[in-house]
Structure formats: structure tokens, C-alpha cells
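> Sharing a structure with you now.
Each reported figure results from applying straightforward, stated rules to the coordinates on display, with no laboratory input. Since the model is a prediction, treat every value here as computed from it, not as a measurement. Every residue, glycine as well, gets a Cβ built from its backbone with ideal geometry; the counts of neighbours run over all protein chains shown.
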Amino acid sequence: MKTYKVIQFGAGATGKFALRAILTHPRLHLVGLGVHSPQNEGRDAGAFCRLPETGVLATRDRDSLLSTEADCVAFLPWDSPAGDVLEADSHSGALFALVCALLASGKNVVASAPNSLVYPPYLGPETMARLEGACAAGNASFLYTGVSPGFMPDRLVLALTQISARIDQISVREIMNYANYGDRDMIMGLLGFGQRPERFDPSALSGSFARALGGSVAMVADAIQTNLDRIDIDVEFAMASTGFDIATGRIEAGTIAAERIRASGIRDGRTRIVAEHITRVDDQVAPDWPRFGSGQREGYQVEIHGAPSMKMELELGAFGRNPMADAGWAVGGHLANSIIGVCEAPAGVRSFMDLPLAIGVHRMTA
């Protein structure tokens, strides 16, 4: 069997899961590891994911990685959910420039960042032109992959439509509790938890989800060949009735303790495709918003109304496992399992619609 040389960028909270998934795949061979933090430079790749030494040492030298011969780059650096790849001076803009440089150097790229690249055609002709130009220059392919978005609101939904004879409406939602999530800048900053609603500007929040969830809605619409008139973004907040503490700080009574962010694809005045995130930091808040019928706190719901009509609930962190850790495993596994298909695809900007199904080949335990 042919093996593929892989460079990974990013070995943080999510990157470590992808790194392990790459190192344990018999057809993937790690040849480089890029990191951001000075204290991680020189560490063996195996140390990031509790595996034996690999001989591949982490580096901050991007030029050396650009010149390293490899078939594919697993691209998982941290990026702000509010990032915009078209803002050249932003962190997301710099990551986008690096993605284009990697593609132009002849390396395929499978990425979970920048977050706005879920479905590049949705971002407009300028973004597509830069990506397609880089792919053409290096005879390489690009794919964004993840969990939500990147699998649940798009790839999984499309798989379920394989048995559809008629589709009236599609809805998919992520339901999460972020009380134990430790990123203060995201929880108390971008997402606005613990802030007074009248003092919180949700524009960055709605913009980030317009690109991410909106991209998933656009991908599903294109896949099932449904022309949408527009994609609307709605943000709702629910407040805490009493004060309490979470991992990132204090939530006072009257401040934001739950939010519902929805991307709705509209055609002929009717809502046809919906992708939404419902996030709480207290399970008692917003009792009228959707929850799981089986009582678990976190996971995903998919509803397809039509013939047949169906509803599915999928729980990450089942059987007593940690949901946030399992989300990391899901991102890492999905990305690593997608590498071979991208390497063997024609050059260009790819999506799930034109790639073979990435399944758990070689993942069964001994």
C-alpha cells in the first residue's frame, strides 16, 4: 500500500488528537510538525500525544516546513471563531496566506482552520480565486474538515438524504454546555457569556457563524441542488436567574447564560435548511429551547421532514466519556481519515461532494 508523507501545523488542544490519529495510521508518515509556542520547539511529536518518540521534532521555522517534501499538510492551528480570511492584517488572514503558500508549494492541505473556510464558494469569488490559484500553482487540493461545522451539519446530513424521496425541510443543531470550557477569551469575550445583553455587541459573533454555519447551509443546498434566496443569521440570548461560577469566571443574575445562533436558508419565503448552535453554561437556563429527548446534556440533533421523515440524536462523550475530549478525537480522526482521499483527488478546492467517503479504515483496535 502506498504511504503518504504528512506535515502537521498545530499541536494544541485539537491538534494533539489529529497528531495521534496520523501517527497511528499505517499509510500516513509524519515528516514535519509546525508549532507556535517557543516552549514546544524541539519537542518530539510523540510527546504531544503520549506516543513513543518519532524522531520528528517540532519547529517554528515555517520556511523549512514549506521546503520539506510532503504529500499533505494537516492544518490545525488556533484561529479565532470570529476571524475573516479576507482581512489581510488579521490572524485568520495570515493563516489563509499560509494555506495558499502551502498549496502553491505542491502540498495538499486538509484543514480545520481558518474557521471561515468551511465551504469556500460561499465566501465569494475573491477567496475562491486565491485558493484555486494556489491549488493550480502547486497541482494540489484543499479540503476543510471538522465536526460542527465540517461533519454534523453538512456531511452527516447529506448521508441521511441518501434515503430521501422528498425533502421539505432540514434542521441540524448542536447542543452544548460550556461551563467547564477553559477559554475565557472565547466564552466571556466572543460568545458574551456573563455579559449584560444591552452592553454586548453580537456583530462579531453573528459574523463568525454567518461564515461557518452559513457555509454548511450553503454546502447542503448546493449538494441537493436547491437554490436559496438568502441565508439569515439570528442570535438569541437567555439570562441567568441567579449567580453562579463556571470555569472562566462568574455568571451574575441577569447576564447571558445561554445563546441560540441560527443560520437559516430561505427559499420562496420559507425556511428550508437550518443549522444552529444552542449553547448553555447552566442546563436550567432556556428550558423552552431544544434539548435531547434522552436527557443527555450535549450532542447533535438532525431532523429531515419529508418522505421519509426522520430524527436522529448523536451524543459525543457517550458511555461516560468526556464530551470535549471526544470532540477533539472527532476532529482529529475526521481530518486524518480524509488525507488519503484528498491526496488522490484532482487538484482544486474540494468538498465532501466530490471526494470518496472518509471512513475509519485501519481504526479497529487489535
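> Take the Cα radius of gyration of region 152-315 and divide it by 2.2 N^0.38 Å, with N its residue count; two decimals is plenty.
Against the compact-globule rule of thumb, the ratio is 1.09.
> Here is a follow-up. For Tyr4, which sequence-distant residues (separation of 5 or more, or a different chain) have an amide H within less than 5 Å of its own amide H, given hydrogens modelled in the peptide plane?
Leu28, His29
> Apply 1/(1 + (r/R0)^6) to the Cβ-Cβ distance of Ile359 and Arg291, taking R0 = 25 Å, and write down the FRET efficiency to the nearest 0.05.
0.25
> Okay, moving on. Starting from the eigenvalues of the Cα gyration tensor, five times each then square-rooted, give me the equivalent ellipsoid semi-axes of the chain, largest first, whole Å.
32, 25, 21
> Before anything else, pin down the relative contact order of the chain: Cα pairs under 8 Å, at least 6 apart, normalised by residue count, whole percent.
19 percent
> What distance in nm separates the simple spin-label points at Ala13 and Glu236, each placed 7 Å from Cα in the Cβ direction?
Output for this residue pair reads 2.7 nm.
> Provide the net charge surrounding Ile170, with neighbours chosen by a C-beta distance below 9 Å and charges set as Lys +1, Arg +1, Asp -1, Glu -1.
With Lys, Arg at +1 and Asp, Glu at -1, the net is -1.
> Between Ser64 and Asn322, how many nm apart are label points set 7 Å from Cα along the C-beta direction?
For Ser64 paired with Asn322, the spin-label model returns 3.1 nm.
> Sticking with this structure for a sec: Take Glu87, project a point 7 Å from its Cα along the Cβ direction, then tell me which residues of region 158-202 have their backbone nitrogen under 19 Å from it.
184-193, 200-202, by backbone N distance to the label point.
> Same structure, new question: If each residue's Cβ is checked for other Cβ atoms within 10 Å, how do Arg272, Arg166 rank with the fewest at the top?
Arg166, Arg272
> Compute the FRET efficiency between Leu57 and Thr24 as 1/(1 + (r/R0)^6), taking r as their Cβ-Cβ distance and R0 = 22 Å, and round to the nearest 0.05.
Computed FRET efficiency for Leu57 and Thr24 comes out at 0.70.
> Right, something else. Place a point 7 Å from the Cα of Ala136 along the Cα-to-Cβ direction; which residues of region 325-355 have their backbone N under 18 Å from it?
Residues passing the 18 Å test: 346-350.
> Once fully extended, how much extra length lies between Asn180 and Ile163, figured as 0.36 nm per residue of separation less the alpha-carbon to alpha-carbon distance?
Stretched fully, the Asn180-Ile163 segment lengthens by 2.3 nm.
> Per Stokes-Einstein, at 25 °C and 0.890 mPa s, what whole-number D in µm² s⁻¹ belongs to region 44-117, with the Kirkwood radius over Cα pairs as the hydrodynamic radius?
182 µm²/s
> Right, another one. Grab the Cα-Cα distance for Lys2 and Arg270, subtract it from 0.36 nm times how many residues apart they are, and report the gain in nm with one decimal.
Using 0.36 nm per residue and subtracting the Cα-Cα distance, I get 91.6 nm.
> While we're looking at this one, here's another question. Treating the Cα atoms of region 259-366 as identical point scatterers in vacuum, please give the log10 of the normalised Debye intensity I(q)/I(0) at q = 0.17, 0.22 Å⁻¹, two decimals.
Once normalised to I(0) and log-transformed, intensities are -1.15, -1.29.
> In whole Hz, with x marking every Gly and Pro, tabulate ³J(HN,Hα) for region 55-71 from phi via Karplus 6.51 cos²θ - 1.76 cosθ + 1.60, θ = phi - 60°.
The phi angles translate into x, 9, 9, 5, 9, 9, 7, 5, 4, 5, 6, 4, 8, 6, 6, 7, 7 Hz.
> So what's the net charge close to Gly93: Lys and Arg +1, Asp and Glu -1, counting the other residues with Cβ under 14 Å from its Cβ?
Here the count lands on -3.
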